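Report on the structure given below.
The numbers here are math on the coordinates, done by the rules we state, and not lab data. Note that this is a predicted model, so its numbers are computed, not measured. Here Cβ is always computed from backbone atoms with ideal geometry, including for glycine, and neighbour counts include all displayed protein chains.
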Amino acid sequence: MNKFNHLNPEIHEAIHVLQQVFRFPAQLYCGSEEGGDACCFAHIVQKTPPAKWYAQCRRLEETLKGRLKQPSGKNMAPFEVIRQLQQGTDGSRRFTEEITWLRQHLDQVCQLAKSQLTSATLRTTDADFLDVVAVAQTYAEVHKGQRHFRPVQLATILLNVRASAAMSSVLIEMKTGEGKTDMCAAVAAVLAKRAPKHAVHILTSSSDRASDDCKSTKAFLEACTGRAPRLASEGLKWGDEGSGVVYAQVTDIQKMVVDEMRNGKKKELFQWLEDCFLLVDEADHVLIEQSENQLYISSPCRGFQALVPLTFLTLAYMDFDADFQEAFVKDPMAIPEKSTALASKLVEELRKFEGKGNHGRWQHMAPVKVDQEAFIASLAPGSLGARLKVAGKEFVIENQEQNGIIVPQVVIVDMATGTESVGTRWTSEAPAVEALHALPVGGSEPLAFFNSIPTLARKYRWVGGTTGTLGQNHCLEFYAKVYNARTTFRMPRNSPGCIFMLPPVISTTETEWLRNIQESAERYLSNEHGLGVSGPVLVITESILRAEQVVDYLKAAGYPIMKADSSNGELGWSYEKLNGRLRTGSQAHVFPFFKSDHAVTEKLPDASIVVASNKGGRGLDLKLDGKCPAGCSLAHPHAPATDGGSVLFVILTEALNERQDVQARGRCGRSGKPGVVQYQLFVEDTMPPMPVGHVVQVQNKKAKDESNHLRSKSLRVADMVKDGRLLEKFVDWKITYKRKLFNLLLPREGKFKLEGSFLPELEFKMNRFLEELLVERWAYWRTMGEPWRKTDDTVHHFQQRQVLGTVTKLDFGDGAGESKVRAFATRLWNLAAQLRLDAEQLMALALQLLPLQEHDTSFAWIARDLLRKAASTAGPWPLQDGEHWQAEWTGNAALLLARLQVGLGGHDAHQELQSSVCRLEHLASSLKLGDDKFHDLARRQGHAYPSVVLQQHKRVRKYETKYGVQRNEMLRQIRHRIRKLEQAQSQPEMLSLQHLSSLETSLQSRLYLLGYTWATTVFEFNIADGEPLAAMDEDTHTWLQDRSVSASK
């Protein structure tokens, strides 16, 4: 307070009161008209002169310290719940009616919940009332009378059940630690009994939370409904098999919807969901933070892998062109301008490549249906934005199973909850993120099917939600606008506890910040804060990276780092030490809790420090008053025991917005118990701000930023919902259109009806081909820009622009002396011409037909004709609308044709093999895109371009640009394949082909380094005996070892 010594004493005292208010906002007003002695800040200011404010504030602080030692208070009476609930409403009719109904029933429900009276003895026919009484009594029975629903919980259950009966969406704020998990289970039990053939999906913020909630409510729900709840992660079903209560996270439901849309079961699934219920726990996080999180399933469009050279070209520009150095792209504001410039250079480089003696080679490579400029326009900002992604905060690199091997992969982290989203991938940023962190660059694929929570919520019969923090008015507006949830209630806290706020501390260096966290935790564990209570410490950091720093610092200080150990078949605990050394003096268990494999003991002993990322700031309910793990020999600090039991101390390392801050502080002070909170902030400033003022300033700024963010977010979500409706219409159209094409190809009656043992297999293969064709066209179209795709386009526009309009009656042939299979071939060619199948699709069609030659050799001839067109190097041929048709880009169509030619008639296939070599030479040429330019740019920076970009012995800027090793390995493997093809030209016996999928998994690690999808597309077929890939060179082998790739167990 030295800054204010020159001020008037009364102003000086007023500032002190304000500082205390910021620390203890809950004590602003005690709620009593009369007030008492040092009962709250409002009465201190009102009843005492300024000269006594300081002393009164100190007395209030001591009173709060005393409350830390007291046990939980009594439950709030039903009438008080009603009174406080009504004070929080706006008095409108919809609230008044609900409050009036609740007033009539709450007190009676509270009494009956503890009795044995049956519904038959109650003089009421109100179904909502009776159902809630039944589940409340069952809850008490399951817990043998030791636990009952509290009035606040019962009020929340009643409001949810009544809203569901009226099919009116409702969101209810129920304070953290007040028993939302059991309350949600009770509501779910009522709904499940009312609709036994349908599901009640309870959405939680993470898979861990879903698992914990399912386990904790199993006995109660089984007693209520006769069925145990299920976890969506263990297999989410729908229809009769999917009924009952299911705990899930958003992605579980999204995946089910996306899968069934892809499988053509959209109509049946949506009809079933119309009678299902959706209960959202942590509603603010799911409905706001996750509102734009779409689950995508990409379409495996082989032709898109031909665009991989553009990714390498983009990365090279970012590394060697001074215009795109990190110094000029420091924040998201700079990306639009720089990405436009980068996209222009990429397009210009393509045009130069076409004009420098390459004779249209890029046209040979790029798929016809891809809008290259739109692809580049997405790739450029995504690649530049990738440099702003922070490892350990927005993503982590973890070993994951992929195609039979364990490989390091980028795992996206949910920024709001700190949980890892395994299996997800950024659309445009991913290749650059992989390159910047020395991982193999994966290609891009167009996204076909997707789903979001705003779209999903509209499918359910009823949606309800609860959370500890609904948020301010801008959040309520968002719920109403996006989800049509216009009814919200804020429940009072059942038994107001005491959260004591220690003064915030600001550090100006990272080392000082880490030291202050350690010292504050030590002081609390040793009772040096003077609070007179004991309990564990929870450190909540802003990211996984920060949590790792705290754990590493504590480990270096000699603290034992705990980890779960199940090596002997039972869960136990072991700990890590730094160089075998533990700190002298008092010791505490340190539990890391920021990765998917981290855990804490069921009940925490007092001498514990849990270090969490923001994962610990929501949904984490630490159980206290535990004992040390078996065999613990650590010297723990001594702290006093109190009547109230252990008290959790929460250290926050970031000033959050209001919703997240309340959630984080709510990890302590749960169920009426007290808690202690302190901010330990790191601010890189030589003149640190006043601690309390800084916290409030940051929180106010974040609240304002969130308000502006939600306004723009609601507009983006509206566009996303519109896009979702278009997808649903496409799915409906696809089913009808595919059936029409199928019936034209394979008529079920008449003289051209096919017969034979091959027919079921042919029908299956044609159905699959048509499905993949239509999905691929849809996926390609979604990547396009104007004029091929416009903002207000419909499915009709998609049909016309993808040449999927009206298909005229197919030519059935003259029928004279023509076999039915030949007539089928005529119809097939006629359809291929009308739909303008490109080379990739012709090859895919040939691959479907080749196995049928075992039944009828005519199918081999049909496949041969398809492969001839797909393998020809005479193109690209101009088609209507200025487009071009070109041959299949990997040379595999020509290779298959060569093998087929030899098998059908002893043809030497020299021409076909030469065509395959030609395609591979084009592919190698495209991988060298931009080489001339970057030789010069690298030389200016003092690098020898070949050693930097091909072998990569050096770093470029601060990154290990291993994409050069990957590109070099691609070129080596292409040259190896060309040599094998040239050898086969003189040795036709080498043309025994083997599909890559049938080979041993010893190849998987090399395929991974090449880019798995690209490699399995280019080297799909092995030529003759021996390894399909050349042995790794030294650089690639070293990279493989660095990446720690191992076989999956």
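What the table shows:
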item	result
Rg/Rh (Cα only; Kirkwood hydrodynamic radius) as it applies to the chain	1.02
Estimated FRET transfer efficiency when R0 is 41 angstrom, pair K701-I735 (beta carbons, to 0.05)	0.20
Gain upon complete extension [Q834, S925; 0.36 nm per residue less C-alpha separation]	29.5 nm
Taking the chain and dividing mean pair separation by its residue count, relative contact order in percent (alpha carbons under 8 Å, at least six apart)	13
Phi-based couplings in Hz for the range 79-92 (Karplus 6.51, -1.76, 1.60; Gly and Pro marked x)	5, 6, 4, 4, 4, 5, 5, 5, 4, x, 9, 8, x, 6
Set K69/K114; K255/K459; K627/K673; K65/K615 screened for pairs whose C-alpha atoms are more than 21 Å apart	K69/K114; K65/K615
Point-charge dipole on Cβ atoms (K/R +1, D/E -1) for the chain, about Cα centre, debye to 20	1420
Separation of alpha-carbon centers, the range 176-243 and the range 465-491, rounded to whole Å	23
For the range 689-821, convex hull volume per residue from C-alpha positions, Å³	163
Inter-probe distance in nm under a simple model that places probes 7 Å from Cα toward Cβ, at Q911 and H638	9.7
Inter-label distance, nm, simple model (7 Å from Cα along the C-beta direction), D126/D1033	8.0
Mean Cβ neighbour count within 10 Å, used as a protection proxy, ranking 525-532, 437-444, 150-157, 754-761 highest first	150-157, 437-444, 525-532, 754-761
Residue order, fewest to most beta carbons within 10 Å, for E1027, E349	E1027, E349
Scattering curve values for the range 2-67, log₁₀ I(q)/I(0), Debye with Cα scatterers, q = 0.27 Å⁻¹	-1.24
Distance (nanometres) between label positions extended 7 Å along Cα→Cβ at D275 and R59	6.6
Potential extension, V422-E519 segment - 0.36 nm per residue separation minus Cα distance	31.4 nm
Inter-part distance where the range 25-77 and the range 249-270 are each reduced to a Cα centre, Å	54
Residue order, fewest to most beta carbons within 10 Å, for M970, M1032	M1032, M970
Residues H12 and T508, FRET efficiency given R0 of 25 Å [Cβ-Cβ distance, rounded to 0.05]	0.40
The range 499-688, relative contact order in percent, only Cα pairs under 8 angstrom and at least six apart counted	33
Exceeding the 30 Å Cα-Cα cut-off - candidates K237/K603; K175/K389; K338/K962	K237/K603; K175/K389
Three-way shape label, the range 86-168, alpha-carbon gyration tensor, a/c 1.5	prolate
Debye equation applied to the C-alpha atoms of the range 499-688, log10 I(q)/I(0) at 0.11, 0.18 Å⁻¹	-0.45, -1.28
Paramagnetic reach from S211 (point 7 Å along Cα→Cβ, amide N under 11 Å) across the range 605-623	none
